[in-house]
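The values are calculated or read from the model by the stated rules, or taken from the named source; none is laboratory data. Because the structure is predicted, anything quoted here is derived from the model rather than measured. Counting neighbours? That spans all protein chains shown, and the Cβs are built from the backbone with ideal geometry, glycine included.
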Ligand SMILES: CC(C)(COP(=O)(O)OP(=O)(O)OC[C@H]1O[C@@H](n2cnc3c(N)ncnc32)[C@H](O)[C@@H]1OP(=O)(O)O)[C@@H](O)C(=O)NCCC(=O)NCCS
């Protein structure tokens with residue numbers, strides 16, 4: 001199946017609301033997506049065939065560090081490589097901008113997301129106690145430093 005990654009637009013927000021309700025117990029609001037779009041690191045993944053949006057990724061860059069704040073792939077299209085495609089897309093985009101450090105937080109029970117991030121190279125570096133609500137749960141903090149992946153690099 002052919003897909004395209006493009007920038008998220010305000011007009012996409014109603015679809016984002018639907019996907020969020022499907023995927024998360026505490027969905028993001030319209031206002032959160034509007035704010036996120038202003039940060040310019042918000043992308044959707046759509047099917048070429050009919051332009052249906054089946055996934056999205058959001059994040060913020062602060063100096064030389066990028067935080068992935070949200071990612072989702074609609075249930076019918078999970079485990080087909082699209083989540084990994086979005087994460088790799090955003091990492092490569094940030095590398096072009098000379099940003100090498102990536103962080104994120106994920107629910108401790110979200111083993112499929114943790115497996116996805118670990119497969120890409122993120123490491124678990126700590127926990128934030130009772131960080132999430134509905135249900136209350138710890139956040140696992142994960143980090144990827146692309147420079148440290150280069151053998152012998154010691155800065
Ligand atoms: C987490 C999520 C984005 C993964 O997207 P995806 O498109 O299904 O993931 P991919 O197909 O790219 O999987 C890549 C790797 O992640 C891991 N993975 C993904 N889903 C998995 C599952 N159900 N069980 C175990 N490992 C899984 C595997 O290592 C997989 O590689 P493999 O298929 O070669 O074994 C998706 O499950 C999702 O949207 N979940 C709900 C929202 C969410 O939890 N977002 C994360 C918030 S931090």
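Would you be able to tell me the number of residues in the range 37-67 that are in a strand (DSSP E or B) and in contact with a strand residue (DSSP E or B) (Cβ under 9 Å, 6 or more places away or on another chain)? Number satisfying all stated conditions: 18. When each of 56, 41 is tested for being modelled with pLDDT of 95 or more and more than 17 Å from residue 106 (Cβ to Cβ), the lone residue that passes is 41. Mind checking whether some residue in the range 17-36 is closer than 30 Å to residue 147 by Cβ and in a strand (DSSP E or B)? No, every residue in the range 17-36 fails to be closer than 30 Å to residue 147 by Cβ and in a strand (DSSP E or B). Against the criterion of being modelled with pLDDT under 95 and over 23 Å from residue 6 (Cβ atoms), residue 124 does not qualify. Scanning the range 92-139 for residues that are out of contact with any strand residue (DSSP E or B) (no Cβ under 9 Å at 6 or more places or on another chain) and within 11 Å of the ligand (Cβ to nearest atom) yields 111, 112, 115, 119. Looking at 51, 61, can you tell me which residue is under 19 Å from residue 16 (Cα atoms), away from the ligand (no atom under 11 Å from the Cβ) and either touching a helix residue (DSSP H, G or I) at 6+ places or on another chain (Cβ under 6 Å) or at pLDDT 95 or above (or both)? After ruling out the rest, the residue left standing is 51. If you go through the range 96-155 and keep only what is in contact with a helix residue (DSSP H, G or I) (Cβ under 8 Å, 6 or more places away or on another chain), part of a loop (DSSP other than H, G, I, E, B) and in contact (Cβ under 8 Å) with a residue 12 or more places away in the chain, you end up with 100, 121. Filtered by the rule that a residue be over 18 Å from residue 118 (Cβ atoms) and surrounded by fewer than 14 Cβ atoms within 10 Å (Cβ to Cβ), the range 88-102 gives 92, 95, 96, 97, 98.
Can you pull out every residue in the range 68-87 that is in a strand (DSSP E or B), more than 6 Å from the ligand (Cβ to nearest atom) and in contact (Cβ under 8 Å) with a residue 40 or more places away in the chain? Listed by number, the list holds a single entry, 70.
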